[in-house]
Amino acid sequence: MDAHEKSPGLRAAWQRDMRAVIRGAWSRVCLATLFVCALLPLAGCGRALQAGATMTRPADNMMMVYVPAGAYPIGSSPEEAQAAQELCPRFWDNCQPGRYENELPRHTVDLDAFWIDQIEVSNAQFRRCVDAGACAEPLCWTGGQFNAPEQPVVCITWHQARDYCAWAGAALPSEAQWEAAARGTDGRLYPWGDDFQGEHANYCDATCGRARSDASWNDGVYYSAPVGSYPAGASWCGALDLAGNVAEWVSDGYAPYSAAGEQPSVPPGTDANAVIRGGSWFQTPLELRAAWRQGVVPDAWFDDIGFRCAAPATAH
Ligand SMILES: [Ca+2]
Ligand SMILES: [Ca+2]
């Protein structure tokens with residue numbers, strides 16, 4: 001027999017004391033854990049995010065990639081525009097002089113940090129906006145070639161693209177944001193580098209069956225591919241399909257770059273076309289160049305024009 005067995009009252013007091021000690025210890029552990037957990041996110045926000053960091057947009061589960069603030073080269077050098085001009089007859093008949101001069105002059109744009117969608121907006125995502133009553137139904141959904149859930153949404157006007165991004169809590173990227181996400185600070189010609197590689201994108205390859213087809217490559221995909229099907233074509237910040245698959249509406253109206261290299265600030269509307277970027281499954285390596293730009297009537301829709309969204313990274 002020990003002392004506790006001899007004295008029940010003493011044993012009960014001892015047990016109460018031990019329970020109090022244990023409760024106190026647990027309280028201190030929990031408080032310390034809460035303190036550390038509260039500090040961790042603050043520590044994370046104190047560090048600069050790296051290019052390609054990701055976040056998910058709640059409205060449509062879109063993964064977005066992070067593009068840090070910086071001075072980004074936009075547009076082509078005279079040599080790059082000339083090289084495109086010389087390559088043009090290989091693909092197109094109407095290679096009039098100056099065809100690519102709307103990419104001049106190369107200039108630098110200071111951008112704040114932003115997020116941009118990793119992939120083109122899909123039919124499945126656009127369906128959410130239609131079901132919510134915030135988007136008009138695309139005209140290609142009654143066809144059969146462009147309405148698979150994971151194909152990029154097409155046959156939408158610039159206005160429909162803008163409305164979708166607003167519904168999702170974002171906006172169309174500006175021309176400069178789109179090009180920065182594709183070219184980075186080194187001004188590469190394509191998202192993956194300076195050399196065109198057919199396996200990195202969906203474009204008018206041998207399957208395309210046109211005079212402009214690139215017979216040197218064939219991925220067997222005639223129309224648009226499911227979004228994100230070409231991971232080797234990722235840009236420096238991790239965005240996919242910036243080159244090819246579907247061309248993409250951006251927020252800006254179409255206008256020449258100024259001689260001083262300033263970005264146009266014309267909203268698309270009755271007086272200005274909207275800009276598309278990146279080329280499509282129906283276009284050639286020339287239009288897949290990250291500097292390529294074309295004006296399109298904002299009320300028009302095509303089966304090879306879609307979009308992605310962007311948002312300012314104001315929290316960081
Ligand atoms: Ca193809
Ligand atoms: Ca694209």
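FYI, it's all coordinate maths here, none of it is from the lab. All values derive from a computational prediction rather than experimental measurement. Note that we place each Cβ from the backbone using ideal geometry, even for glycine, and neighbour counts take in every protein chain shown.
Key figures
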{"item": "Net charge, V109 excluded, C-beta distance under 10 Å - Lys, Arg +1, Asp, Glu -1", "result": "-4"}
{"item": "Rounded, prolate or oblate (a/c below 1.5 giving rounded, otherwise prolate when a/b exceeds b/c) for the stretch 123-281 by Cα gyration tensor", "result": "oblate"}
{"item": "Rounded, prolate or oblate (a/c below 1.5 giving rounded, otherwise prolate when a/b exceeds b/c) for the stretch 253-308 by Cα gyration tensor", "result": "oblate"}
{"item": "Projected label distance in nm at T270 and A48, using a 7 Å step from Cα toward the beta-carbon", "result": "4.6"}
{"item": "Residue-wise HN-Hα coupling along the stretch 135-152, computed from phi with Karplus coefficients 6.51, -1.76, 1.60 (Hz; x: Gly, Pro)", "result": "10, 7, 5, x, 7, 8, 6, 9, x, x, 9, 10, 10, 5, x, 9, 6, x"}
{"item": "Positive-pole candidate from F196, L139, F302, dipole of the stretch 50-315, charges at beta carbon", "result": "L139"}
{"item": "Inter-part distance where the stretch 264-305 and the stretch 138-192 are each reduced to a Cα centre, Å", "result": "11"}
{"item": "Distance between the stretch 223-244 and the stretch 84-113 - C-alpha centres, whole angstrom", "result": "22"}
{"item": "If the convex hull is drawn through the Cα atoms of the stretch 50-315, its volume per residue in Å³", "result": "119"}
{"item": "Cα shape, the stretch 56-197, gyration tensor, a/c 1.5 rule", "result": "oblate"}
{"item": "Environment charge at I119 (Cβ cut-off 13 Å; Lys +1, Arg +1, Asp -1, Glu -1)", "result": "-4"}
{"item": "Under-5 Å amide H pairs with M62, H placed in peptide plane, nonlocal only", "result": "R57"}
{"item": "Segment Q263-L139, extension gain: residue separation times 0.36 nm, minus the distance between their alpha carbons", "result": "41.4 nm"}
